[in-house]
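The values are calculated or read from the model by the stated rules, or taken from the named source; none is laboratory data. Quick caveat, the model's predicted, so the values are computed rather than measured. So basically every Cβ, Gly included, is an ideal-geometry build from the backbone, and we count neighbours across all protein chains shown.
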Amino acid sequence: MKIAITGASGKTGFRIVEEASKEGYKIKQIVRKNSVISKELEKHEIIKLSLDNKQKLDDSLRGTDALIIATGARASLDLTGPARVDALGVYRQLESCKRVGIKRVILVSSLCTGKLLHPLNLFGLILIWKKIGENFLRNPYFEWTIIRPGGLKEDEIIDDQNVLYSKIDSQTKGSIPRRLVARCCIEAIKNKESINKIIEITSSTEYKKVAFEKAIQSI
Ligand SMILES: NC(=O)c1ccc[n+]([C@@H]2O[C@H](COP(=O)([O-])OP(=O)(O)OC[C@H]3O[C@@H](n4cnc5c(N)ncnc54)[C@H](OP(=O)(O)O)[C@@H]3O)[C@@H](O)[C@H]2O)c1
């Protein structure tokens, strides 16, 4: 199975590439022109493009079986980022999937998506644009899974962390290492039970250990 990963140069994106590689998937990293990919991940195919280049996006997605979307507006003074990347950028990727016949799509979104009164919205109403992006994906054409993590952390020492998986709009705070978000994306690809589900995730030493496939049965 060949997976396309957009935003593969991001802090969650590169970890998704690493986790997908460990599981033996063929990988296509789709990034923008000036994105930086680490030396170790250069062995996987890399395509550089702008998401508004329809033809190039179609050519890059053609021949892959699934897409994991890990793009997201980077924090900046440009408050149009969330609208351009988290809504329009997702829309463009999904339209391309339809043109080339990809149905399986995993989207990395966020806890609290859709909430208006939230401090994160000071950055270009990001939680509103993310909800619009999610809604583009929640379309009967797709076999979709939306992963909504809490605040993302860089920790790599995570053996003591267990994940709390829950359904839409059930968690409002908490955090999770990006490594565990990446693993969750790959678990979702492997488990058909995750199709058409929004899965909220945070982690803690306090949570009970539970396997992904078991946890998502009740979501
Ligand atoms: N930060 C948090 O605490 C938090 C919490 C919950 C959810 N999230 C969401 O989780 C996802 C991953 O977050 P992260 O912090 O790991 O990501 P990140 O490191 O900021 O990476 C973002 C990725 O998106 C790409 N990107 C940005 N603008 C783009 C554009 N206009 N066209 C194409 N690609 C573009 C970046 O490319 P370049 O490398 O070229 O910049 C990069 O690959 C995001 O959707 C984020 O909103 C974040």
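When the range 148-167 is filtered for residues that are in contact (Cβ under 8 Å) with a residue 60 or more places away in the chain and surrounded by fewer than 12 Cβ atoms within 10 Å (Cβ to Cβ), only Glu154 remains. For the range 106-121, a residue qualifies if it is more than 8 Å from the ligand (Cβ to nearest atom) and either in a loop (DSSP other than H, G, I, E, B) or of a type in the set (Ser, Thr, Tyr) (or both), and the qualifying residues are Cys112, Thr113, Gly114, Lys115, Leu116, Leu117, His118.
On the stretch given as the range 3-49, residues that are exposed (fewer than 13 other Cβ atoms within 10 Å of the Cβ) and either closer than 17 Å to Ile186 by Cα or among the small types (Gly, Ala, Ser) (or both) total 3. Considering the range 171-206, and only residues there that are of a type in the set (D, E, K, R), buried (at least 17 other Cβ atoms within 10 Å of the Cβ) and within 23 Å of Lys11 (Cα to Cα), the residue that is nearest to the ligand (Cβ to nearest atom) turns out to be Arg178. Taking the condition surrounded by fewer than 23 Cβ atoms within 10 Å (Cβ to Cβ) and without any contact (Cβ under 8 Å) to a residue 24 or more places away in the chain, does Asn121 pass? The answer is yes for Asn121.
Here Ala188 fits the description: farther than 30 Å from Leu77 by Cβ, out of contact with any Lys or Arg (no Cβ under 6 Å at 6 or more places or on another chain) and in contact (Cβ under 8 Å) with a residue 40 or more places away in the chain. Pairs meeting the criteria (first residue in the range 6-27 and closer than 20 Å to Ser175 by Cα and at pLDDT 95 or above, second residue of a type in the set (Gly, Ala, Ser) and within 8 Å of the ligand (Cβ to nearest atom), beta carbons under 6 Å, at least 6 apart or on different chains) are Gly10/Ala70; Thr12/Ala70; Gly13/Gly7; Gly13/Ala70; Ile16/Ala70. The residues listed here are Ser203, Ser218; of these, the one that is more than 19 Å from Ala20 (Cβ to Cβ) and in contact with a helix residue (DSSP H, G or I) (Cβ under 6 Å, 6 or more places away or on another chain) is Ser203.
Considering only residues in the range 73-88 that are near the ligand (Cβ under 9 Å from one of its atoms) and surrounded by 21 or more Cβ atoms within 10 Å (Cβ to Cβ), the one that is nearest to Leu122 (Cα to Cα) turns out to be Pro82.
Per-residue answers, yes or no, for (1) outside any strand (DSSP E or B); (2) within 20 Å of Leu107 (Cα to Cα):
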residue: Arg148; (1), (2): no, yes
residue: Tyr165; (1), (2): no, yes
residue: Ile168; (1), (2): yes, yes
residue: Leu180; (1), (2): yes, yes
residue: Cys185; (1), (2): yes, yes
residue: Glu193; (1), (2): yes, yes
residue: Glu206; (1), (2): yes, no
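The sole residue among Leu49, Leu41 that is closer than 16 Å to Val85 by Cα and either of a type outside the set (A, V, I, L, M) or modelled with pLDDT of 95 or more (or both) is Leu49.
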